[in-house]
Amino acid sequence: MPKGVLRIHFLEAQDLEGKDQFLGGLIKGKSDPYGILHVSNQMFQSKTIKESLHPKWNEVYEALVYEPSGQHLEIELFDEDPDKDDFLGSLLIDLTKVYNEQKVDE
């Protein structure tokens, strides 16, 4: 039986690294970022924002939470590429903090 629903507002990122390169790496471009969010065994993937270092997704996800203690929300950002996507960064949020504070802005 779930203990609650975690509502995730996946809004934006700022100052991402430009992973796309041109002229053999001489010119750094932008990135095509997207996010993958994990809560327990649930996974969500955002849309890709083309050519942006300050993407705005404004997406909302809802995940069932069975036990907040010991659980995390993990967010990973990637740059979408035709071959292998580049890792841009990650964030780990303890769900106990969310449960205690009712709202976390990170």
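The values are calculated or read from the model by the stated rules, or taken from the named source; none is laboratory data. All of these numbers come straight from a predicted model, not from anything done at the bench. Here the Cβ is made from the backbone with ideal geometry for all residues, glycine too, and neighbour counts use every protein chain on show. Remember, those area values only see protein heavy atoms, side chains included, never the ligands or the DNA or RNA. Shrake-Rupley method; radii C 1.70, N 1.55, O 1.52, S 1.80 Å.
If R₀ is 35 angstrom, what is the calculated FRET efficiency for the pair Glu67 and Gln14, using the beta carbon separation as r and rounding to 0.05? Don't jump to the answer; show the numbers that get you there.
Values: r = 33 Å, r/R0 = 0.93.
Efficiency at R0 = 35 Å is approximately 0.60.
Determine the sum of side-chain charges near Ile93: Lys and Arg each +1, Asp and Glu each -1, restricted to other residues whose C-beta is under 15 angstrom from that of Ile93.
-3
Hey, what's the chain come to in accessible area per residue, 1.4 Å probe, Å²?
Accessible area per residue, the chain: 67 Å².
Give the lysines reachable from Lys103 as a straight Cα distance under 25 Å; neighbours fewer than 8 places away on the same chain don't count.
Reachable lysines: Lys3, Lys47, Lys56.
Counting only protein heavy atoms and using a 1.4 Å probe, what share of the accessible area of the chain belongs to carbon plus sulfur, as a whole percent? The partial results should precede the final answer.
On the way: 3570 of 7120 Å².
That fraction is 50 percent.
Give me the net charge for the shell around Phe10: Cβ to Cβ below 13 angstrom, other residues only, Lys and Arg +1, Asp and Glu -1.
Overall, the nearby charge balance is -4.
Sort 47-56, 3-12 by the packing proxy (mean of other Cβ within 10 Å over each peptide's residues), most packed first.
My ranking of the peptides, most packed first, is 47-56, 3-12.
Rounded to the nearest 500, what is the chain's calculated 222 nm mean residue ellipticity when only DSSP H runs of at least 4 contribute -39500 (n - 2.57) each, over all residues?
-1500 deg cm²/dmol
May I ask you to evaluate 6.51 cos²θ - 1.76 cosθ + 1.60, the Karplus curve with θ = phi - 60°, for each residue of the range 70-85 and list the ³J(HN,Hα) values in order in whole Hz, giving x for glycine and proline?
x, 9, 9, 9, 10, 10, 10, 10, 10, 9, 6, 9, x, 9, 10, 5
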